[in-house]
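The values are calculated or read from the model by the stated rules, or taken from the named source; none is laboratory data. Small disclaimer: the values here were computed from a predicted structure and weren't measured. Neighbour counts run over all protein chains shown; Cβ positions are idealised from the backbone, glycine included. Heads up: the accessible areas ignore ligands, DNA and RNA and are worked out on the full protein's heavy atoms, side chains in. Shrake-Rupley method; radii C 1.70, N 1.55, O 1.52, S 1.80 Å.
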Amino acid sequence: MSERTLAIIKPDAVKKNAVGDIINRYEQAGLKPVAMKLMQMSKPVAEGFYAVHKARPFFDSLCTFMSSGPAVVIVLQGDNAIKKNRELMGATDPAKADANTIRKAHGANIEFNAVHGSDSPETAAFETAYFFPGMEIFS
Ligand code: RTP
Ligand code: MG
């Protein structure tokens, strides 16, 4: 079933020139970018995006990181896009990520881990609408 997921190439991966490699991995896996922009989130925008984590000890540090530089925000569309993207990303901690995953290749540690991906249909809908109005999504 074709579905959409929200992916972010985080500021650490943009800084280390990994944007092209990461987008290539999405396309090779059959995930097509249908909306995309380079943007620097303000801290409040990052806090709103990660609001589900606001009680976590890493919340403030995470939002400082996510607003530290430009990130690439992308809507990916394809069969089983949510699960497929989570597989491409690998485990949250790059040290535990499988070989051939984005986080294994480009993540530094459990916080600076190169990419974000929606984890359910509900979060994909919230996250996609958080960054893109419907008229900016192509399909
Ligand atoms: P994401 O939401 O970014 O796709 O990552 P995820 O589902 O694999 O991990 P999640 O538990 O949702 O955590 C969100 C992001 O917070 C940072 N984090 N830091 N210091 C820590 O222990 C810690 N744990 C998580 C990471 O940047 C993680 O991707
Ligand atoms: Mg998550």
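Would you say residue 49 is out of contact with any His (no Cβ under 6 Å at 6 or more places or on another chain) and either more than 11 Å from ligand 1 (Cβ to nearest atom) or open to solvent by less than 80 Å² (accessible area, probe 1.4 Å) (or both)? It is true that residue 49 is out of contact with any His (no Cβ under 6 Å at 6 or more places or on another chain) and either more than 11 Å from ligand 1 (Cβ to nearest atom) or open to solvent by less than 80 Å² (accessible area, probe 1.4 Å) (or both). If the condition is being within 16 Å of ligand 2 (Cβ to nearest atom) and not basic (Lys, Arg), then the range 14-58 contributes 41, 46, 47, 48, 49, 50, 51, 52, 53, 55, 57, 58.
Among residues that are in contact with a Lys or Arg (Cβ under 9 Å, 6 or more places away or on another chain) and exposed (fewer than 12 other Cβ atoms within 10 Å of the Cβ), residue 139 is included. Got a number for residues in the range 91-104 being within 12 Å of ligand 1 (Cβ to nearest atom), assigned to a loop (DSSP other than H, G, I, E, B) and out of contact with any Gly (no Cβ under 6 Å at 6 or more places or on another chain)? So the count comes out to 3. Answer yes if at least one residue in the range 10-17 is in contact with a helix residue (DSSP H, G or I) (Cβ under 6 Å, 6 or more places away or on another chain), surrounded by fewer than 18 Cβ atoms within 10 Å (Cβ to Cβ) and not hydroxyl-bearing (Ser, Thr, Tyr), and no otherwise. For the range 10-17, residues in contact with a helix residue (DSSP H, G or I) (Cβ under 6 Å, 6 or more places away or on another chain), surrounded by fewer than 18 Cβ atoms within 10 Å (Cβ to Cβ) and not hydroxyl-bearing (Ser, Thr, Tyr): absent.
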